[in-house]
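Below is one structure, written out as structure tokens, with a few remarks after it.
The values are calculated or read from the model by the stated rules, or taken from the named source; none is laboratory data. Keep in mind the model is a prediction, meaning the values are calculated, not measured. Glycine gets a Cβ as well: all are built from the backbone with ideal geometry, and neighbour counts include every protein chain shown.
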Amino acid sequence: MDNSRRITTLSIKLRRICTGLIYCLPIVCGLIWIFFNRLYAMAPMMPLPVHVNHDLPGLTRLLAFLADLIPLSAMIFGLKKLRSLFFLYENGLIFTEQNVSCFRSLGRTLIVWAACDVVRTTLLSVILTLDNPPGRRIIAVMFDSGDFTGVFVGVVVLIISWVMDEGRKIQEDQALIV
């Protein structure tokens, strides 16, 4: 099997995985918050910005789900861009302006996703302590290594898109030379 055939085959599979994740991730996130009280009782190691030691009412879980949708939206946007990139690869388009655009969007999305995760964590800390009496409510602004990693990888992908664009321009110039 030659390399272009492998790229096509793998791209088809990865495009399908991206499509599945686009639809499954919001559903899984919703199910986690719907069944949060049962799940957290069984596995209290679930990463939350604050400790929860009581069952959460429905409104609190709904607000927490909405807060989770903020970085999830960025993730879904990134998955859509990845799906587009794999579609291009599937069709044999490797060094095109569309590929560069997909990479550039992915880099920016990773940076935005990291920022959205900080917003989500801050909102969750407030939402999860809303039922606490005054003076016991918490606001926590947290940056973790995942946020820094997301920004770093986003910057790396942006640089790769820049290099790819230069390669694309050189390839186009060489195609015009007779």
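Some points to look at:
- Hits in the stretch 139-153 - residues which are in a helix (DSSP H, G or I) and of a type in the set (D, E, K, R): 147
- Residue 79, sole failed condition from (1) aliphatic (A, V, I, L, M); (2) in a helix (DSSP H, G or I); (3) within 25 Å of residue 163 (Cα to Cα); (4) free of Cβ contacts under 8 Å to residues at least 60 places away in the same chain: (4)
- Of the listed requirements (1) on the phi < 0 side of the Ramachandran plot; (2) touching a residue at least 24 places away in the same chain (Cβ under 8 Å), residue 92 misses just one: (1).
- Remark: pairs (first residue in the stretch 1-22, at positive phi; second residue modelled with pLDDT under 95; Cβ separation under 7 Å; 6+ apart in sequence or on different chains) are absent.
- Among the residues of the stretch 29-62, those that are at pLDDT 85 or above, in a helix (DSSP H, G or I) and surrounded by fewer than 19 Cβ atoms within 10 Å (Cβ to Cβ) comprise 29, 30, 31, 32, 34, 37, 38, 39, 58, 59, 60, 62.
- Of the listed requirements (1) surrounded by fewer than 18 Cβ atoms within 10 Å (Cβ to Cβ); (2) modelled with pLDDT under 95; (3) among the aliphatic types (A, V, I, L, M), residue 66 misses just one: (2).
- Residue among 120, 137 that alone is among the charged types (D, E, K, R), surrounded by 12 or more Cβ atoms within 10 Å (Cβ to Cβ), without any contact (Cβ under 8 Å) to a residue 12 or more places away in the chain and closer than 30 Å to residue 59 by Cα: 137
- Qualifying residue in the stretch 154-169 (condition: touching a Leu at 6+ places or on another chain (Cβ under 8 Å), assigned to a helix (DSSP H, G or I) and among the basic types (Lys, Arg)): no
- Residue in the stretch 123-134 that is nearest to residue 56 (Cα to Cα), counting only those that are part of a helix (DSSP H, G or I) and either among the hydrophobic types (A, V, I, L, M, F, W, C) or at pLDDT 95 or above (or both): 128
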